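Heads up, the thing below is written out as C-alpha coordinates.
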Amino acid sequence: MDKSSGASASNSASFGFRTIDAEQKPRLVQEVFRSVSSRYDIMNDAMSLGIHRLWKNALLDWLAPLDGRRFLDLAGGTGDVARGVLSRAPQAAAVVVVDLTEDMLAEGRRKSAGDRARKRIRWIVGDAQRLPFPDASFDCCTVSFGLRNFGSVGDSLAEIHRVLRTGGRLVVLEFSQVPNEGLQWLYDHYSFRVIPAMGRLIANDRESYQYLVESIRRFPDQDALAGLMTDCGYDRVSYRNLSMGIAALHSGWKL
(Lines give C-alpha, C1' and ligand atoms only; values in the text may rest on other atoms or scores of the structure.)
Protein backbone atom coordinates (compact mmCIF):
# COMPACT_ATOMS: atom_id res chain seq x y z
CA MET A 1 0.00 0.00 0.00
CA ASP A 2 1.33 3.46 -0.93
CA LYS A 3 1.33 5.45 2.29
CA SER A 4 2.17 8.65 0.44
CA SER A 5 -1.05 8.58 -1.59
CA GLY A 6 -2.98 11.81 -1.27
CA ALA A 7 0.20 13.82 -0.67
CA SER A 8 0.86 14.34 -4.36
CA ALA A 9 -0.09 17.46 -6.28
CA SER A 10 -0.95 15.32 -9.37
CA ASN A 11 -4.39 15.13 -10.95
CA SER A 12 -5.31 12.07 -8.88
CA ALA A 13 -6.08 11.74 -5.18
CA SER A 14 -6.98 8.96 -2.79
CA PHE A 15 -10.44 8.63 -1.34
CA GLY A 16 -10.05 5.77 1.06
CA PHE A 17 -8.61 2.91 -0.99
CA ARG A 18 -9.97 4.39 -4.22
CA THR A 19 -7.94 6.56 -6.58
CA ILE A 20 -10.06 9.38 -7.96
CA ASP A 21 -9.69 12.59 -9.91
CA ALA A 22 -8.35 15.20 -7.47
CA GLU A 23 -11.17 17.60 -8.38
CA GLN A 24 -13.73 15.08 -7.10
CA LYS A 25 -12.32 14.78 -3.60
CA PRO A 26 -13.71 17.98 -2.03
CA ARG A 27 -17.25 17.03 -3.06
CA LEU A 28 -16.89 13.48 -1.76
CA VAL A 29 -15.40 14.67 1.52
CA GLN A 30 -18.26 17.17 1.90
CA GLU A 31 -20.75 14.35 1.42
CA VAL A 32 -19.05 12.28 4.14
CA PHE A 33 -19.08 15.04 6.72
CA ARG A 34 -22.49 16.35 5.78
CA SER A 35 -23.80 12.86 6.47
CA VAL A 36 -22.13 12.44 9.88
CA SER A 37 -22.11 16.04 11.17
CA SER A 38 -24.90 15.67 13.73
CA ARG A 39 -23.31 12.55 15.25
CA TYR A 40 -19.65 13.43 14.65
CA ASP A 41 -18.61 14.20 18.23
CA ILE A 42 -20.58 11.26 19.64
CA MET A 43 -18.84 8.92 17.19
CA ASN A 44 -15.43 10.34 18.09
CA ASP A 45 -16.09 9.55 21.73
CA ALA A 46 -17.37 6.07 20.91
CA MET A 47 -14.57 5.13 18.49
CA SER A 48 -11.74 6.31 20.71
CA LEU A 49 -13.37 5.66 24.10
CA GLY A 50 -12.95 9.39 24.68
CA ILE A 51 -9.19 9.30 24.11
CA HIS A 52 -9.45 11.83 21.25
CA ARG A 53 -10.07 14.45 23.94
CA LEU A 54 -6.72 13.61 25.56
CA TRP A 55 -5.03 13.81 22.17
CA LYS A 56 -6.52 17.27 21.54
CA ASN A 57 -5.40 18.39 25.00
CA ALA A 58 -1.91 17.17 24.06
CA LEU A 59 -2.12 19.31 20.91
CA LEU A 60 -3.06 22.35 23.00
CA ASP A 61 -0.30 21.61 25.51
CA TRP A 62 2.30 21.55 22.75
CA LEU A 63 0.84 24.59 21.00
CA ALA A 64 0.73 26.56 24.29
CA PRO A 65 -1.63 29.28 23.00
CA LEU A 66 -0.88 32.83 24.09
CA ASP A 67 -3.12 35.89 24.37
CA GLY A 68 -2.83 38.40 21.56
CA ARG A 69 -2.07 35.81 18.88
CA ARG A 70 -4.11 35.01 15.78
CA PHE A 71 -5.16 31.37 15.44
CA LEU A 72 -6.44 29.44 12.43
CA ASP A 73 -8.06 26.02 12.93
CA LEU A 74 -8.40 24.20 9.61
CA ALA A 75 -10.94 21.42 9.17
CA GLY A 76 -12.10 22.75 12.52
CA GLY A 77 -15.54 21.20 12.22
CA THR A 78 -17.43 21.35 15.48
CA GLY A 79 -14.94 23.76 17.05
CA ASP A 80 -13.59 21.76 19.99
CA VAL A 81 -9.97 22.75 19.29
CA ALA A 82 -10.94 26.40 18.75
CA ARG A 83 -12.80 26.45 22.06
CA GLY A 84 -9.77 24.84 23.68
CA VAL A 85 -7.54 27.61 22.30
CA LEU A 86 -9.84 30.23 23.80
CA SER A 87 -9.93 28.44 27.15
CA ARG A 88 -6.15 28.83 27.33
CA ALA A 89 -5.79 32.18 25.57
CA PRO A 90 -9.05 34.06 26.34
CA GLN A 91 -7.58 37.29 24.94
CA ALA A 92 -6.53 35.80 21.60
CA ALA A 93 -6.57 38.41 18.85
CA ALA A 94 -8.53 36.08 16.55
CA VAL A 95 -9.70 32.48 16.38
CA VAL A 96 -10.89 31.44 12.93
CA VAL A 97 -12.35 28.04 12.08
CA VAL A 98 -12.30 27.01 8.41
CA ASP A 99 -14.07 23.87 7.23
CA LEU A 100 -15.16 22.62 3.84
CA THR A 101 -18.59 21.55 5.12
CA GLU A 102 -21.20 24.06 6.29
CA ASP A 103 -23.05 21.36 8.25
CA MET A 104 -19.98 20.81 10.44
CA LEU A 105 -19.65 24.54 11.08
CA ALA A 106 -23.34 24.72 11.96
CA GLU A 107 -22.72 22.08 14.62
CA GLY A 108 -19.77 24.10 15.88
CA ARG A 109 -21.81 27.27 16.15
CA ARG A 110 -24.55 25.38 17.97
CA LYS A 111 -22.10 23.84 20.45
CA SER A 112 -20.50 27.24 21.09
CA ALA A 113 -23.76 29.14 21.54
CA GLY A 114 -23.84 28.93 25.32
CA ASP A 115 -20.27 29.90 26.19
CA ARG A 116 -17.94 32.84 25.80
CA ALA A 117 -16.54 31.39 22.58
CA ARG A 118 -19.77 32.28 20.79
CA LYS A 119 -18.68 35.78 19.80
CA ARG A 120 -14.95 35.11 19.67
CA ILE A 121 -14.82 32.48 16.92
CA ARG A 122 -15.28 33.21 13.21
CA TRP A 123 -16.71 30.31 11.20
CA ILE A 124 -15.78 30.23 7.50
CA VAL A 125 -16.55 27.70 4.78
CA GLY A 126 -13.35 27.27 2.83
CA ASP A 127 -10.86 24.99 1.09
CA ALA A 128 -7.43 24.44 2.67
CA GLN A 129 -5.81 24.63 -0.76
CA ARG A 130 -7.25 28.10 -1.43
CA LEU A 131 -7.49 29.93 1.87
CA PRO A 132 -9.34 33.28 1.75
CA PHE A 133 -6.67 35.17 3.70
CA PRO A 134 -3.72 37.42 2.83
CA ASP A 135 -0.15 36.30 3.34
CA ALA A 136 1.13 36.27 6.94
CA SER A 137 -2.36 36.47 8.49
CA PHE A 138 -1.89 34.08 11.44
CA ASP A 139 0.52 33.26 14.23
CA CYS A 140 -0.59 29.64 14.60
CA CYS A 141 -2.48 27.05 12.60
CA THR A 142 -3.90 23.76 13.87
CA VAL A 143 -5.30 20.85 11.88
CA SER A 144 -6.94 18.09 13.91
CA PHE A 145 -7.83 14.88 12.05
CA GLY A 146 -8.37 16.79 8.83
CA LEU A 147 -5.13 16.78 6.87
CA ARG A 148 -5.76 13.39 5.24
CA ASN A 149 -9.09 14.69 3.88
CA PHE A 150 -7.50 17.51 1.89
CA GLY A 151 -7.31 17.05 -1.87
CA SER A 152 -3.54 17.52 -1.87
CA VAL A 153 -1.69 17.38 1.44
CA GLY A 154 1.36 19.05 -0.08
CA ASP A 155 -0.58 21.93 -1.65
CA SER A 156 -2.48 22.47 1.60
CA LEU A 157 0.70 22.54 3.68
CA ALA A 158 2.15 25.11 1.27
CA GLU A 159 -1.01 27.23 1.52
CA ILE A 160 -0.89 27.11 5.34
CA HIS A 161 2.76 28.18 5.15
CA ARG A 162 1.70 31.17 3.04
CA VAL A 163 -0.85 32.46 5.58
CA LEU A 164 1.47 32.01 8.58
CA ARG A 165 3.58 34.99 9.57
CA THR A 166 7.34 34.61 9.95
CA GLY A 167 7.79 32.93 13.31
CA GLY A 168 4.39 31.25 13.00
CA ARG A 169 3.72 27.61 13.74
CA LEU A 170 1.67 24.71 12.41
CA VAL A 171 0.62 21.85 14.69
CA VAL A 172 -1.09 18.82 13.12
CA LEU A 173 -2.91 16.07 14.99
CA GLU A 174 -3.60 13.11 12.74
CA PHE A 175 -4.06 9.38 12.83
CA SER A 176 -0.77 7.68 12.02
CA GLN A 177 0.99 4.30 11.89
CA VAL A 178 1.63 1.97 14.82
CA PRO A 179 5.32 0.92 14.71
CA ASN A 180 4.67 -2.62 15.98
CA GLU A 181 3.30 -5.46 13.84
CA GLY A 182 1.33 -7.12 16.63
CA LEU A 183 -0.28 -3.90 17.77
CA GLN A 184 -0.91 -2.91 14.17
CA TRP A 185 -2.80 -6.20 13.63
CA LEU A 186 -5.01 -5.50 16.64
CA TYR A 187 -5.57 -1.92 15.52
CA ASP A 188 -6.47 -3.04 11.98
CA HIS A 189 -8.87 -5.65 13.33
CA TYR A 190 -10.62 -3.04 15.47
CA SER A 191 -10.61 -0.44 12.70
CA PHE A 192 -12.04 -2.54 9.91
CA ARG A 193 -14.35 -4.79 11.92
CA VAL A 194 -15.66 -2.49 14.65
CA ILE A 195 -15.57 1.14 13.50
CA PRO A 196 -17.73 0.81 10.34
CA ALA A 197 -20.24 -1.27 12.30
CA MET A 198 -20.27 1.37 15.01
CA GLY A 199 -20.84 4.02 12.34
CA ARG A 200 -23.89 2.12 11.13
CA LEU A 201 -25.34 1.80 14.64
CA ILE A 202 -24.61 5.30 15.96
CA ALA A 203 -24.53 7.51 12.87
CA ASN A 204 -26.57 5.33 10.50
CA ASP A 205 -23.65 5.57 8.09
CA ARG A 206 -21.28 2.65 7.61
CA GLU A 207 -19.71 3.90 4.38
CA SER A 208 -18.38 7.16 5.82
CA TYR A 209 -16.57 5.32 8.59
CA GLN A 210 -15.27 2.73 6.14
CA TYR A 211 -13.75 5.70 4.31
CA LEU A 212 -12.31 6.92 7.63
CA VAL A 213 -10.33 3.77 8.34
CA GLU A 214 -9.20 3.42 4.73
CA SER A 215 -8.03 7.06 4.60
CA ILE A 216 -5.84 6.49 7.66
CA ARG A 217 -4.08 3.59 5.93
CA ARG A 218 -3.40 5.70 2.85
CA PHE A 219 -1.98 8.63 4.81
CA PRO A 220 1.79 9.21 5.09
CA ASP A 221 3.43 7.76 8.19
CA GLN A 222 5.16 9.89 10.81
CA ASP A 223 8.51 10.27 9.04
CA ALA A 224 6.96 10.75 5.61
CA LEU A 225 4.70 13.55 6.87
CA ALA A 226 7.63 15.22 8.63
CA GLY A 227 9.58 15.06 5.37
CA LEU A 228 6.66 16.52 3.43
CA MET A 229 6.39 19.41 5.89
CA THR A 230 10.11 20.10 5.45
CA ASP A 231 9.72 20.00 1.66
CA CYS A 232 6.93 22.58 1.97
CA GLY A 233 9.23 25.04 3.73
CA TYR A 234 8.68 24.33 7.43
CA ASP A 235 11.63 24.45 9.81
CA ARG A 236 12.31 22.66 13.10
CA VAL A 237 9.85 19.92 12.11
CA SER A 238 9.29 17.30 14.79
CA TYR A 239 6.65 14.84 15.87
CA ARG A 240 5.38 13.00 18.94
CA ASN A 241 3.54 9.69 18.93
CA LEU A 242 0.33 9.41 20.93
CA SER A 243 -1.11 6.09 22.13
CA MET A 244 1.77 4.11 20.60
CA GLY A 245 1.41 5.80 17.21
CA ILE A 246 -2.32 5.44 16.68
CA ALA A 247 -2.20 9.23 16.44
CA ALA A 248 0.71 11.62 16.15
CA LEU A 249 1.39 15.31 16.62
CA HIS A 250 3.57 17.09 14.06
CA SER A 251 4.96 20.59 14.56
CA GLY A 252 6.66 22.89 12.10
CA TRP A 253 7.66 26.56 12.08
CA LYS A 254 7.85 29.26 9.42
CA LEU A 255 11.23 30.85 10.08
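The values are calculated or read from the model by the stated rules, or taken from the named source; none is laboratory data. All values reported here derive from a predicted model rather than from experimental measurement. FYI the Cβ positions are ideal-geometry reconstructions off the backbone, even for glycines, and counts take in every protein chain you see.
Could you tell me how many of the residues in segment 12-44 are under 16 Å from the mean Cα position of the chain (by Cα), closer than 13 Å to Tyr209 by Cα and among the polar types (S, T, N, Q)?
Qualifying residue count, segment 12-44: 2.
What pairs come up if the first residue lies in segment 215-236 and is within 19 Å of Phe145 (Cβ to Cβ), the second is aromatic (Phe, Trp, Tyr), and their beta carbons are under 7 Å apart, counting only those six or more places apart or on different chains?
Within 7 Å, the pairs are Ile216/Phe175; Arg218/Phe17; Phe219/Phe175; Gln222/Tyr239; Ala226/Tyr239.
For the subset of segment 211-255 comprising residues that are of a type in the set (Asp, Glu) and not in a helix (DSSP H, G or I), which member is surrounded by the most Cβ atoms within 10 Å (Cβ to Cβ)?
Asp221
Can you pull out the residues in segment 184-198 that are in contact with a helix residue (DSSP H, G or I) (Cβ under 6 Å, 6 or more places away or on another chain) and at pLDDT below 85?
none
Which residues, counting only those in segment 57-87, are charged (D, E, K, R) and touching a helix residue (DSSP H, G or I) at 6+ places or on another chain (Cβ under 6 Å)?
Asp73, Arg83
From the list Ser208, Ser191, exactly one residue is touching a residue at least 40 places away in the same chain (Cβ under 8 Å), farther than 30 Å from Asp139 by Cα and either of a type in the set (A, V, I, L, M) or surrounded by 19 or more Cβ atoms within 10 Å (Cβ to Cβ) (or both). Which is it?
Result of the check over Ser208, Ser191: Ser208.
For every residue, the table says whether it meets (1) assigned to a helix (DSSP H, G or I); (2) out of contact with any strand residue (DSSP E or B) (no Cβ under 9 Å at 6 or more places or on another chain).
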site: Gly77; (1), (2): no, no
site: Ala82; (1), (2): yes, no
site: Val98; (1), (2): no, no
site: Glu107; (1), (2): yes, yes
site: Phe133; (1), (2): no, no
site: Ala136; (1), (2): no, no
site: His161; (1), (2): yes, no
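Looking only at segment 128-147, count every residue that is surrounded by 18 or more Cβ atoms within 10 Å (Cβ to Cβ) and among the acidic types (Asp, Glu) and tell me the total.
So the count comes out to 1.
If you go through segment 163-192 one residue at a time, how many are closer than 15 Å to Ser215 by Cα, part of a helix (DSSP H, G or I) and of a type in the set (D, E, K, R)?
Number of matching residues: 1.
Arg206: in contact with a strand residue (DSSP E or B) (Cβ under 7 Å, 6 or more places away or on another chain) and closer than 26 Å to Gly151 by Cα, yes or no?
no
Could you identify the single residue in Ala64, Ala94, Ala58 that is in contact with a strand residue (DSSP E or B) (Cβ under 9 Å, 6 or more places away or on another chain) and either over 26 Å from Val194 (Cβ atoms) or buried (at least 24 other Cβ atoms within 10 Å of the Cβ) (or both)?
On inspection, the qualifying residue turns out to be Ala94.
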